[in-house]
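One structure below.
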Amino acid sequence: MHPQTVLLYDGSFDGFLSCVFLAYEQKLKHPIIRKQSQTHHELFTITECVITEEQKARRVWKGFRKKANATERRDFFKAFLSEIKGVENTLFRYMQNTFSKINNPNIDFSNSDILKISQVARMVQREKHRMEAFVRFELLKNNVYVATISPDFNVLPLLTDHFKDRYADQKWLIFDTSRKYGIFYDLISVEIITFENFSNIDSKIIKKNYENEEINFQKLWHTYYKNVNIVSRKNTKLHLQHLPKRYWKYLTEKTIH
């Protein structure tokens, strides 16, 4: 019985593509690919830590671009951002299938891996749209608009263009408290920032840095929302259907002071 190879990577997209490169280089047909942070207890396996190499990652992606259409490439990346356990192995098989297919513009949904990636990509896309709709910025005293989020999937990379276009004349920061990194726009470009201790910063500390204008606006919005919320027309079931409760924490009108 030949031991199966486990390839561990740093969690980045380039790191994953570096694993794909190594798998093809070593002719590994069925490797197990997972993040270094994930524990594993499989018997009869050989573990190898893969160093992220941007050049090798680019070579893999360049080859994939030649075979995959725009929809397939977008779905592939979104599925990776899902961070669902084991998705790397589905993505690897998806890539194997793409590299081996003859020129065929049609997507073969009879293939279970292709269908799975398409389904996961749609889940990530829905979460992206929800973040775009429900994220609320709060103005701090340093004139930076800040929003904290904790999405089910790692959708921050998909939000950059939307918020950069929509708030091009304002400095803003969107921080993912679950993954401890954020995107910051300084009126010129968007950069990735990390705060390892950001989880220790609660809403009370942020509120101390509110601009007076922000506090007044929130009070005004609460008053407006209370007045337009007609009790006789209240439909809690329909409300929860369109606005799941887990998104209430992002909304000013739902915040309890």
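List of remarks:
- Between Asn111 and Phe195, the C-beta separation translates, for a Förster distance of 51 Å, into a calculated FRET efficiency of about 0.80.
- Karplus-derived 3J(HN,Hα) values for segment 126-136, using 6.51 cos²θ - 1.76 cosθ + 1.60 with θ = phi - 60°, are 5, 5, 4, 4, 5, 5, 4, 7, 9, 5, 10 Hz; glycine and proline are entered as x.
- In this simple spin-label model, placing a label point 7 Å from the Cα along the Cα-to-Cβ direction at both Lys180 and Lys101 gives a separation of 3.9 nm.
- Local electrostatic count, Val155, Cβ distance below 11 Å [Lys/Arg +1, Asp/Glu -1]: 0
- 5 angstrom amide H check on Val6, placed H, neighbours 5+ away: Ile32, Ile46, Thr47, Glu48
- For segment 145-155, the Karplus equation 6.51 cos²θ - 1.76 cosθ + 1.60, evaluated at θ = phi - 60°, returns couplings of 8, 10, 9, 10, 9, 8, x, 5, 10, 7, 8 Hz by residue, with Gly and Pro reported as x.
- As a proxy for reagent exposure, ranking His2, His40 by other Cβ atoms within 10 Å from fewest up yields His2, His40.
- Packing-based exposure ordering (other Cβ within 10 Å, fewest first) of Asp108, Asp14, Asp75, Asp165: Asp165, Asp108, Asp14, Asp75
- Per-residue Cβ neighbour rank within 10 angstrom, fewest leading, Glu53, Glu191, Glu138: Glu191, Glu53, Glu138
- Relative contact order (percent, whole number), segment 46-152, Cα cutoff 8 Å, 6+ residue spacing: 24 percent
- Pairwise FRET efficiency - Gln38 versus Asn142, Cβ, R0 = 35 Å, nearest 0.05: 0.40
- Sequentially through segment 178-183, phi angles give Karplus couplings (6.51, -1.76, 1.60; θ = phi - 60°) of 6, 9, 6, 8, x, 10 Hz, Gly and Pro residues having no value and appearing as x.
Each value in this text was obtained by applying a stated rule to the coordinates, not by laboratory testing. Nothing here was measured: the structure is a model prediction, and the numbers come from that model. Note that each Cβ is placed from the backbone with ideal geometry, even for glycine, and that neighbours are counted across all protein chains shown.
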